[in-house]
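J.: Provided herewith is a single structure, encoded as C-alpha cells, for subsequent inquiry.
The values are calculated or read from the model by the stated rules, or taken from the named source; none is laboratory data. The structure presented is a predicted model; accordingly, all values stated were derived computationally and were not measured. Positions of Cβ are generated from backbone atoms using ideal geometry, with glycine treated the same way; all protein chains shown enter the neighbour counts. We work out accessible area using only protein heavy atoms, side chains counted, and drop any ligands, DNA or RNA first. Shrake-Rupley method; radii C 1.70, N 1.55, O 1.52, S 1.80 Å.
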Amino acid sequence: MKCLDDFRLQFGARKLVPIVIGGMGVDISTAELALVAARLGGIGHISDAMVPTVTDRRHKTRFVSEKTKLYKYNVDNLDKSEVKFDLGQLAEATRLHVGKTMEAKRGEGMIFVNCMEKLTMGGPKETLSVRLNAALDAGIDGITLSAGLHLGSFHLIAGHPRFRDAKLGIIVSSARALQLFLRKNAKLDRLPDYVIVEGPLAGGHLGFGADDWQKYDLATLVGEVCQFMRDNHLDIPVIAAGGVFTGGDAVHMMEQGAAGVQVATRFTVTNECGLPDKVKQEYFRAQEADIEVNTISPTGYPMRMLKSSPAIGAGIRPNCEAYGYLLDGEGNCAYIEAYNEAISKAANPKVISVMSKTCLCTHMRNFDCWTCGHYTYRLKDTTRQQADGSYQLLTAEHVFRDYQFSSGNTIALPDAI
C-alpha cells in the first residue's frame, strides 16, 4: 500500500515532500510551525494577516500602539475613512516577520507566505502591493495568494526583481476561478508556479456559499482543475486542500492527479501552533455538532468555526483605530454597520450583542474566533487523553511524519508522556 512519501512535489529540478502546511492567521501558522515543515523537506506557510500586530507580539515593535495614538481622536467617530496604515511601517513589519523567519530556516524545504486579498486595510491596492513586495524583499521562498480572485496581484509585483524567481501560487475553489486568473494575467507571460485547490471542508473562510458548500467535494474539484490543465497543456502542480485528514486521504488525492496536499487542521493542536493551549483543548473536545459554517465574517465569505467561539455574538466596539484590517477604501466594514445598527436598537447601548457579523480583527488578534476545519472533531482520535481529562499536545514533526509515512487511514498516536 502506498504512502505519501512515495511521491514528490516537483518545482523544476527541485523535489519536495508533497506536504504543505496551510497559512493560518493571525499567527496560528507560526514561524516555528513553518520551520518544521521546511526542515523536514516540505513547505510551511506563515501568514501576513495583521502583520503589524504579529511583529508587535513577536519582536516588541510598537506599530499598533503608534497607530492607535495617531487616530485616538477618531475612536468615537462612526466615519473611519480617515484611518489609514502607514505604508512604510507596513513594509517594515512584513520584512521583519518574513526576514526573521527566513533567517531561521534550515533544511531542504521551503517557506511561503499566505497573503489574503480580503485584508483591504483601508487601501486595497496600496497595502496589498506593499505586503507582496516587502515579502519578496525579505527573501520569502514563495507567496500564496488567498481569500480573493487576485486578478491584479501579479501586476503589483511584476516589476520586482524576484517576480520570476520566487514561487507564486493561488488558492482557487474551481477551474473557472483559475481560468479567470490566468486570463487576467496572460499579458505578463508569467504562469503561477502552483495552484492550491481548496475544497468545502477547509477551515476558516470558504470559497463556496454558506448554503451550498455541501454540494461540492475536493476530489471532484481537483479532478476538474487537473483536466483543465491537461486541456490547456499547462504543467502547473495542483495541490489539494481541505479535509485531507490522514496519509491515506493524501494518497487518494495524489492518485486523483494532485502533486501535493495542503493540510492544517491536525497542526492546530501541535506545540508549535500559535493558538493558546486552552483553545487547543477546545479543538480536541469538539464534537461534529459543535462545528458550523456561518456568515459572520465581514469579508462576505462564509467561515467555518466552533459554535462556542467567543467571537460569535460579541458586541465589542469596533477598534479600527488600532486594527482596521478589513476597512475598504472608503473606510467601511460590515461589522461597523452591524454594530451601529445594534446600538441604534438597543435599550442599553452599553450591553449589546451583534449576531450578524463579528469584529474579526480584534477577535482574531485575541484568539477568540475559533475557525477550524470540518474534521476538527476527529482530533481527539489523533492523541492520548490524560488522567486529568485533557488531551496530549502533539509535535509538528510527529504530525508531519504521520502524514508522510502512514498508509491507509491509520493515525500514529504519540508516545505517552
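J.: Under 11 Å from the Cβ of SER153, count the other residues' Cβ atoms, weight Lys and Arg +1, Asp and Glu -1, and hand me the total.
T.: Details: positive: LYS125, ARG131, LYS184; negative: GLU117.
Net charge in that neighbourhood comes out at +2.
J.: Moving to a separate point now. Note down the nm distance, to one decimal, between modelled labels 7 Å out along Cα→Cβ at ASP415 and at GLU292.
T.: Using points 7 Å along Cα→Cβ, the separation is 4.3 nm.
J.: Roughly how compact is the stretch 337-386, stated as its Cα Rg over 2.2 N^0.38 Å to two decimals?
T.: Working: Rg = 17.0 Å, N = 50, 2.2 N^0.38 = 9.7 Å.
For the stretch 337-386, the normalised Cα radius of gyration comes out at 1.75.
J.: Can I ask one more? Using square roots of five times the C-alpha gyration tensor eigenvalues, list the equivalent-ellipsoid semi-axes of the stretch 291-417 in whole Å, biggest first.
T.: One finds semi-axes of 38, 16, 13 Å for the stretch 291-417.
J.: Compute the accessible area per residue over the chain, keeping the other protein chains in place, probe 1.4 Å, unit Å². Show your work: numbers first, answer last.
T.: Working: 17270 Å² over 417 residues.
Each residue of the chain exposes 41 Å² on average to a 1.4 Å probe.
J.: Further question: What do you get for GluC sites (Glu not before Pro) in the stretch 215-275 restricted to DSSP loop and a cutoff of at most 14 other Cβ within 10 Å of the site's Cβ?
T.: Numbers: sites: GLU224, GLU255, GLU272; in loops: GLU272.
Answer by residue number: there is no such site.
J.: Semi-axes of the equivalent ellipsoid for the stretch 262-327, please: Cα gyration tensor eigenvalues, times 5, square-rooted, ordered largest first, whole Å.
T.: On the way: eigenvalues 111, 50, 34 Å².
Sorted largest first and rounded, they come to 24, 16, 13 Å.
J.: Which translational diffusion coefficient, to the nearest whole µm²/s, is obtained for the chain from the Stokes-Einstein equation, given a Kirkwood hydrodynamic radius over C-alpha pairs, 10 °C and 1.306 mPa s? Mind showing how you got there, number by number?
T.: Working: Rh = 21.7 Å.
My calculation gives 73 µm²/s for D.
J.: Okay, moving on. Over the stretch 36-95, what is the mean sequence separation of C-alpha contacts under 8 Å (at least six apart), divided by residue count, expressed as relative contact order in percent? Kindly include the intermediate steps, with their values, before the conclusion.
T.: Values: 25 pairs, mean separation 21.0, N = 60.
In percent, rounded to a whole number, it is 35.
J.: Just want to confirm a number: the relative contact order over the stretch 279-387, from Cα pairs under 8 angstrom separated by 6+ residues, in percent. List each step's numbers first, then the result.
T.: Numbers: 145 pairs, mean separation 43.4, N = 109.
Normalised by residue count, the contact order of the stretch 279-387 is 40 percent.
J.: Select from GLN287, LEU40, ILE352 the residue farthest towards the positive end of the dipole of the chain; place +1 on Cβ of Lys and Arg, -1 on Cβ of Asp and Glu, and compute about the Cα centre.
T.: LEU40
J.: Also, I was wondering about something else. Once the Cα atoms of the stretch 203-361 are picked out, what are the Rg and Dmax in Å?
T.: 19.5, 63
J.: In whole angstrom, how long is each semi-axis of the equivalent ellipsoid of the stretch 1-114, when you take the square root of 5 times every eigenvalue of its Cα gyration tensor and sort them from largest down?
T.: Values: eigenvalues 274, 37, 24 Å².
Gyration-tensor ellipsoid for the stretch 1-114: 37, 14, 11 Å.
J.: Separation of the stretch 225-288 and the stretch 375-404 by C-alpha centroid, Å?
T.: About 16 Å separates the Cα centre of the stretch 225-288 from the one of the stretch 375-404.
J.: Turning to a different aspect of this structure: Please give the peptides 344-353, 144-153 ranked by average Cβ packing (other Cβ atoms within 10 Å per residue), highest first, as a rough proxy for protection. Walk me through the numbers before you get to the answer.
T.: Numbers: 344-353: 9.6, 144-153: 20.9.
Final packing ranking: 144-153, 344-353.
J.: At a Förster radius of 35 Å, what calculated FRET efficiency corresponds to the Cβ-Cβ distance of ASN366 and GLU224, to the nearest 0.05? It would help to have the intermediate numbers written out before the result.
T.: Numbers: r = 39 Å, r/R0 = 1.11.
After rounding to 0.05, the efficiency reads 0.35.
J.: Still on this structure: Ordering HIS252, HIS205 by accessible area with a probe of 1.4 Å, largest first, what comes out?
T.: Result of the area sort, largest leading: HIS252, HIS205.
J.: Which of the aspartates and glutamates could a cross-linker bridge to LYS350, judged by Cα under 14 Å and excluding same-chain residues fewer than eight apart?
T.: Partners within reach: ASP76, GLU341.
J.: Can I ask one more? Sequence gap at least 6, Cα distance under 8 Å: using those rules, report the relative contact order of the chain to the nearest whole percent.
T.: Values: 864 pairs, mean separation 82.3, N = 417.
Averaging sequence separation for qualifying contacts and normalising by length gives 20 percent for the chain.
J.: Which FRET efficiency value, to the nearest 0.05, do you get for ILE343 and SER65 by plugging their Cβ-Cβ distance into 1/(1 + (r/R0)^6) with R0 = 30 Å? Don't skip to the answer; put the middle values down first.
T.: On the way: r = 27 Å, r/R0 = 0.89.
Computed FRET efficiency for ILE343 and SER65 comes out at 0.65.
J.: Treating the beta-carbon of each Lys and Arg as +1 and of each Asp and Glu as -1, no other charges, what is the dipole magnitude of the chain about its Cα centre, to the nearest 20 debye? Walk me through the numbers before you get to the answer.
T.: Working: 46 positive and 47 negative charges, 120 e Å.
Value, rounded to 20: 580 debye.
J.: Sticking with this structure for a sec: Greater than 28 Å separation of Cα atoms is the criterion. Which listed pairs, LYS60/LYS380; LYS2/LYS380; LYS100/LYS125; LYS80/LYS184, meet it? Please report the intermediate quantities before stating the final value.
T.: Values: LYS60/LYS380 35 Å; LYS2/LYS380 25 Å; LYS100/LYS125 26 Å; LYS80/LYS184 32 Å.
Those over the limit are LYS60/LYS380; LYS80/LYS184.
J.: Further question on the same structure: Summing -39500 (n - 2.57) over the DSSP H runs of n ≥ 4 in the chain and dividing by its residue number, what mean residue ellipticity at 222 nm do you reach, to the nearest 500 deg cm²/dmol?
T.: Numbers: 13 runs with 133 residues, N = 417.
Calculated at 222 nm, the ellipticity per residue is -9500 deg cm²/dmol.
J.: Hey, what do the phi angles of the stretch 216-222 turn into as Karplus ³J(HN,Hα) couplings, whole Hz, using 6.51/-1.76/1.60 and θ = phi - 60°, x for Gly and Pro?
T.: After applying 6.51 cos²θ - 1.76 cosθ + 1.60, I find 10, 9, 4, 4, 5, 5, 4 Hz.
J.: Can you pull out the trypsin sites (Lys or Arg not before Pro) in the stretch 6-81 whose DSSP state is coil and whose Cβ has at most 16 other Cβ atoms within 10 Å?
T.: Values: sites: ARG8, ARG14, LYS15, ARG39, ARG57, ARG58, LYS60, ARG62, LYS67, LYS69, LYS72, LYS80; in loops: ARG8, LYS60, ARG62, LYS80.
The qualifying sites are ARG8, LYS60, ARG62.
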